[in-house]
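Below is one structure, written out as structure tokens, with a few remarks after it.
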Amino acid sequence: MTDSPEQDEVPSEEQLDIPADVQSYDKFSKIDGSTYDRANQFLRDRTYITAREWAMARLCADFRTETGVEMTKIGDNLPHLVPFMTDTYSPQAVNQARSSFEDKVRKAGATFLYGAMSDFFTAEELDDVMYEATEVAKFLLEVEGVDLSVEQELKAEENITEVMREVREHSAALRHDEVSCPECGHQFDADDS
């Protein structure tokens, strides 16, 4: 009898235990080979979240079902899902990290909005803050595997700029009975909506 053609590679026992959706998950593949400390330091330098919180929030969003989030699947398969995570997590640890992420986003949002509404920043300074924040957010999305077209990026930046103009205008009206915009001279009245 002659040798048979090359046979398909037989999956290892470990691979058989990994669910198909975990095996095909590739959101963090662009940073394969990175360490937790490196990812964490990048985030700490630019955001209010940790690498653990970022990874858990992303996974919880991606592994959400009609009945909830698959916390056990995420925790048990964490090293297969995120290259820089080396240990498994309990469902409670997954939930705690996701909750921490949500709390920090809310607090950061409130802090940013207060800064924007309080007149601590000029319009140009606020545009700079928004530009930097947008660049970091786009980078994180790209690391997760989202490909943004130039048109999508420009449209998002345009929308953000418009919203921030409205925030500045309405917050000026809230802070003062009457005030004129230093840029265009528009008069604001507290009764204006």
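Coordinate-derived values only; no laboratory data. What you see is a predicted model, and the numbers here were worked out from it, not measured in a lab. Positions of Cβ are backbone-derived with ideal geometry, glycine not excepted, and every protein chain shown enters the neighbour counts.
Each of LEU140, PHE120, ALA97 was scored by the projection of its Cα onto the charge dipole of the range 91-164, and the greatest displacement toward the positive side belongs to ALA97; charges sit on the C-beta of Lys, Arg, Asp and Glu.
Global dimensions of the range 95-185 from alpha-carbon coordinates: Rg and Dmax equal 15.8, 50 Å.
The Rg/Rh ratio of the range 26-86, with both radii computed over alpha carbons and Rh defined as the Kirkwood radius, is 0.99. Once the gyration tensor of the Cα atoms in the range 21-189 is diagonalised, the equivalent ellipsoid follows with semi-axes of 38, 17, 14 Å, ordered largest first.
This ranking places MET56, MET130 by how few other beta-carbon atoms lie within 10 Å of each, fewest first, which gives MET130, MET56. Here PHE139, PHE63 are placed in order of increasing Cβ neighbour count within 10 Å, fewest first, which gives PHE139, PHE63. Summary of packing: across the peptides 40-48, 75-83, the per-residue average of other C-beta atoms within 10 Å ranks them, highest first, as 75-83, 40-48.
Count the net charge of all other residues whose Cβ sits under 12 Å from the Cβ of LYS30, scoring Lys and Arg as +1 and Asp and Glu as -1. Its environment carries a net charge of -4.
Go through LYS30/LYS155; LYS30/LYS107; LYS30/LYS138 and tell me which ones have a Cα-Cα distance over 21 Å in this structure.
LYS30/LYS155; LYS30/LYS107
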